[in-house]
Amino acid sequence: MNRLEGKTAFITGAGRGQGRAIAEKFAAEGANIVICDIDAPIEHIEYPLSTSADLKETATAVETLGREVVAEIADVRDQQQIDAVVAAGLKKFGQIDIVVANAGLLINKPFWETTENEWQVVTDICLGGVWRTVKAVTPHMISRQRGSIILTSSTSGQEGDPGILSYVASKHGVLGIMKSAALALGQYNIRVNSLLPGPVDTIINDNPGTRDRIAGKPNATREEYLTSVLNWHVLRGRSALAPEAIADGAIWLASDESRHVTGLELLIDAGHRLLPGLNFNNVADDDAGR
Ligand code: NAD
């Protein structure tokens, strides 16, 4: 407890899921919290995103834990909106010590059927949004010669997935931002690291399109998706992880316990990236190459 006492953390996409879990765990560790999320559906996204009621619920949870909160509706596609959240946070708390660029979404579709607009939406949020978030806090952190920047990538930042190419490309790109920003900001005592979750039980997964992709079958139920995730993992009995499992890693990266760590790709994936892999495509009948 109190590993983040006296610190302020800014978390994007905190209306629910991992962002909310991170806000709550950070507050429980003593941090004051600045959060943002959207309050409207985004074109092409086939599952519901957060609402202002969700963001309020996160804010109330933080307050219930005895910490103060600034909660604003903002879209990470818009630099002015992110800058306004940072300004509101600085006005109230005078400092931002930690940022978690967490907002993200995906579209399940073969890449050759993906439209220009669909590619734009995913990359503008998952990649562009991370760049804008880092950009918004960096001058302040440089002026204080301190800061911990945490960028949410994914196991999809290290491996391919045929059903979500725009997401995979973005999450690989997040690691490029992380490494480059870590190199640029180390001289100012600012650390930049990445979280790489495996499957987490949030709405980005628990929706019809993603359930089908993960389970490898059409019309997959919640139970089928959760059962199939067991085989994504090396560790026994782990289905889609709770968002709090990712928040536990975020606390370490945010706190002084990781003060000598920058440029880290922190996998929280129950061993998924160790697996040698399996091709689920129908390749058995092709005699090419024999
Ligand atoms: P989630 O869908 O519950 O949460 C994502 C949040 O981002 C939502 O609240 C959504 O409203 C918000 N968001 C989307 N577009 C936004 C925008 N333009 N501006 C501001 N907020 C926006 O899913 P989650 O699992 O909590 O996802 C959090 C992060 O973790 C995402 O970056 C996701 O890609 C990543 N991730 C998730 C998993 C998983 O299996 N759930 C695995 C690896 C990485």
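Nothing in this text is a laboratory measurement; each read-out follows from the coordinates by a stated rule. Remember, it's a predicted structure, so these values are computed and weren't measured experimentally. Ideal geometry is used to build each Cβ from the backbone, glycine not excepted, and the neighbour counts take in all protein chains shown.
Could you check which residue among 180, 148, 156 shows the biggest mean-square fluctuation in a GNM of the chain with a 10 Å Cα cutoff?
Highest fluctuation among the options: 180.
Would you calculate the volume per residue, in Å³, of the smallest convex hull containing every Cα atom of the stretch 83-172?
Looking at the stretch 83-172, the number lands at 90 Å³ per residue.
Calculate the all-directions average of the projected area of the stretch 167-213's alpha-carbon convex hull, and give it in nm².
Hull-based average projected area comes out at 4.0 nm².
Report relative contact order for the stretch 157-240 in percent, whole number only (criteria: Cα-Cα under 8 Å, sequence separation at least 6).
Over the stretch 157-240, the number comes to 17 percent.
In the chain, which helices (entire DSSP H runs) extend 27 Å or more along their own long axis, judged by Cα positions, while averaging at least -0.5 on the Kyte-Doolittle scale?
Helices meeting the span and hydropathy rule in the chain are 165-185.
So for each of 188-199, 43-54 I average, over its residues, the number of other beta carbons within 10 Å; can you give me the resulting order with the highest mean first?
So the order, starting with the most tightly packed, is 188-199, 43-54.
Calculate how large, on average over all directions, the projected area of the Cα convex hull of the stretch 140-290 is; give the answer in nm² to one decimal.
Value for the stretch 140-290: 11.6 nm².
Could you state the orientation-averaged shadow area of the convex hull built on the Cα atoms of the stretch 1-58, in nm² to one decimal?
3.8 nm²
For the stretch 229-276, just say rounded, prolate or oblate: build the C-alpha gyration tensor, square-root its eigenvalues into a ≥ b ≥ c, call rounded for a/c under 1.5, and beyond that prolate if a/b exceeds b/c, oblate if not.
Since a/c reaches 1.5 but b/c is at least a/b, the shape of the stretch 229-276 is classed as oblate.
Kirkwood hydrodynamic radius for the chain: how many Å is it when counted over pairs of different Cα atoms?
Kirkwood radius, the chain: 19.3 Å.
Hey, what number do you get for the chain at 222 nm if only DSSP H runs of n ≥ 4 count, each worth -39500 (n - 2.57), divided across all residues, to the nearest 500?
After summing the helix terms and dividing by the residues of the chain, the value is -12000 deg cm²/dmol.
Which Cα, out of 200, 234, 23, lies furthest along the positive dipole direction of the chain (beta carbon charges, K/R +1, D/E -1)?
23
Could you sort 57-69, 29-41, 246-258 so that the peptide with the highest average Cβ count within 10 Å comes first and the rest follow in order?
Highest to lowest by the protection proxy: 29-41, 246-258, 57-69.
Take each of the peptides 1-14, 102-115, average the number of other beta-carbon atoms within 10 Å over its residues, and list them starting from the highest.
In decreasing order of mean packing, 1-14, 102-115 become 1-14, 102-115.
Build a GNM of the chain with springs between Cα atoms under 10 Å: which of 275, 55, 151 gets the top mean-square fluctuation?
In this elastic network of the chain, the residue with the biggest mean-square fluctuation among 275, 55, 151 is 275.
State the Cα centre-to-centre distance between the stretch 56-108 and the stretch 135-160 in whole Å.
15 Å
Taking the Cα centre of the chain as origin, sum charge times position over the Cβ atoms of Lys and Arg (+1) and Asp and Glu (-1), and report the length of that vector in debye to the nearest 20.
Dipole of the chain, to the nearest 20 debye: 960 debye.
About its Cα centre, how strong a charge dipole does the stretch 118-275 have in debye, to the nearest 20, once Lys and Arg get +1 and Asp and Glu get -1 at the Cβ?
For the stretch 118-275, the charge dipole is close to 480 debye.
How would the stretch 1-137 be classified by its alpha-carbon gyration tensor: rounded, prolate or oblate, with rounded meaning a/c under 1.5 and the a/b versus b/c comparison settling the rest?
It comes out prolate by the Cα gyration axes.
What's the magnitude of the charge dipole for the stretch 1-143 around its Cα centre, counting Lys and Arg as +1 and Asp and Glu as -1 at the beta-carbon? Answer in Debye, nearest 20.
With Lys and Arg at +1 and Asp and Glu at -1, about 560 debye.
What relative contact order, as a whole-number percentage, does the stretch 204-290 give when Cα pairs under 8 Å and 6 or more residues apart are counted?
Once divided by the residue count of the stretch 204-290, the mean separation gives 20 percent.
Going down the table (91/171; 56/171; 56/217; 135/179; 91/135; 25/91), which pairs top 25 Å between alpha carbons?
Result: 91/171; 56/171; 56/217 exceed 25 Å.
Evaluate the relative contact order of the stretch 182-223 (contact order divided by residue number), counting alpha-carbon pairs under 8 angstrom at least 6 apart; express in whole percent.
21 percent
Along the three principal axes, how long is the stretch 149-189 when you take its alpha carbons, biggest first, rounded to the nearest angstrom?
Taking max minus min along each principal axis of the Cα atoms, the stretch 149-189 gives 40, 13, 12 Å.
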